[in-house]
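Below is a structure I'd like to ask you about.
The values are calculated or read from the model by the stated rules, or taken from the named source; none is laboratory data. If you're wondering where the values come from, they're calculated on a predicted model, not measured in any experiment. All Cβ positions, glycine included, derive from the backbone under ideal geometry; neighbour counts span all protein chains shown.
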Amino acid sequence: MKNCPFCGYANYDSANSCRKCEGSFLTQTTAASQTPARRIKPSRAKEIRGQALAMIVIGLLIKVYWGGYGPWPTIDYPVLATVRVYLEPLLILGGAVLYTFGLLVNLS
């Protein structure tokens, strides 16, 4: 049975038009038309993963250089310390989420 793409009515296999819609033509589905189209190309997914890795690296650099984990003096200006508190987790966790999104898009 051929299903009408407009109303979903089941027609005979030999039918060329739908009996319920009165004239809408039935087309045979091919394997190419059944595969879903990708919304994001693999090259764009790779760019997303690259940007996510850059975000993670910048977040880790902020953590090391502004966090006082080295022999250098820590930058403790009040405005910069406030920015660091919000920027560091945003970059690290946001980069991890974005990288995971890029992987999942590439797999589907």
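Is there a residue being charged (D, E, K, R), exposed (fewer than 15 other Cβ atoms within 10 Å of the Cβ) and out of contact with any Leu (no Cβ under 6 Å at 6 or more places or on another chain) anywhere in the range 47-56?
yes
Restricted to the range 1-53, and to residues that are part of a loop (DSSP other than H, G, I, E, B) and within 30 Å of L91 (Cβ to Cβ), which residue is modelled with the lowest pLDDT? So that I can check it myself, show each step before the final result.
At the first step, the residues of the range 1-53 found to be part of a loop (DSSP other than H, G, I, E, B) are 1, 4-9, 12-16, 18-24, 26-30, 35-41.
Add one more test, that the residue is within 30 Å of L91 (Cβ to Cβ), and what stays is 38-41.
Numbers: R38: 67, R39: 78, I40: 80, K41: 83.
Among them, the one singled out is R38.
Residue by residue through the range 54-68, note down the ones that are modelled with pLDDT under 85 and hydrophobic (A, V, I, L, M, F, W, C). Let's see the steps before the verdict.
If we filter the range 54-68 for residues that are modelled with pLDDT under 85, which is where we start, we get 65-68.
The one that is modelled with pLDDT under 85 and hydrophobic (A, V, I, L, M, F, W, C): W66.
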